[in-house]
Amino acid sequence: MKFPNNIYIEAKKYSLDNSKIECCGLIYKTPNTICFKECENTHPDPENFFEINSSDYLKTISLGNVLAVFHSHPKTKGPSEKDKQMSKNLDIPFLIYSLIENKFYCT
């Protein structure tokens, strides 16, 4: 799945600004545009995993249709097997930014 350039720019900046943890967010579509929503990572181990704050999720779905889940990998490369499985189980793409590679992946 390909997104407008501003989505990648916003997600990368958010990742770099929060480089010690796996930051996360949602990509959603309104009638006129595709947007990026930063979300709080509420996982007990945010340096290695992510969990989107449920309030952030509920706010975002009230704004538009969620197209993808975003999270960063500050210490690892592309999608993990867990990322691939979760994306498949939820039937929604994951957009992942690897800080060590300066590269985006989409499951």
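Would you point out the residue of the range 23-44, among those that are in contact with an Asp or Glu (Cβ under 9 Å, 6 or more places away or on another chain) and not hydrophobic (A, V, I, L, M, F, W, C), that is nearest to Ile96 (Cα to Cα)?
Checking each candidate, the answer is Gly25.
Kindly provide the set of residues from the range 24-51 that are in contact (Cβ under 8 Å) with a residue 24 or more places away in the chain, in contact with a Gly (Cβ under 8 Å, 6 or more places away or on another chain) and surrounded by 13 or more Cβ atoms within 10 Å (Cβ to Cβ), ordered by number.
Those that are in contact (Cβ under 8 Å) with a residue 24 or more places away in the chain, in contact with a Gly (Cβ under 8 Å, 6 or more places away or on another chain) and surrounded by 13 or more Cβ atoms within 10 Å (Cβ to Cβ): Tyr28, Lys29, Cys35, Phe36, Lys37, Glu38.
Residue by residue through the range 57-86, note down the ones that are more than 19 Å from Tyr105 (Cα to Cα) and crowded, with 18+ Cβ neighbours inside 10 Å.
Passing the criteria: Thr60, Gly64.
In this structure, is Ile21 outside any strand (DSSP E or B), among the β-branched types (Val, Ile, Thr), exposed (fewer than 14 other Cβ atoms within 10 Å of the Cβ) and modelled with pLDDT of 95 or more?
no
Please go through the range 17-41 and pick out each residue that is over 20 Å from Pro93 (Cα atoms) and in contact with a strand residue (DSSP E or B) (Cβ under 9 Å, 6 or more places away or on another chain).
Residues satisfying the conditions are Asn18, Ser19, Ile21.
Identify, please: which residue in the range 55-107 is of a type in the set (S, T, N, Q) and over 23 Å from Lys20 (Cβ atoms) and is, among those, farthest from the chain's Cα centre (by Cα)?
Ser62
The values are calculated or read from the model by the stated rules, or taken from the named source; none is laboratory data. None of these values were measured; they are calculated from a predicted model. Quick reminder, even Gly has a Cβ in these numbers, built from the backbone with ideal geometry, and neighbours come from all protein chains shown.
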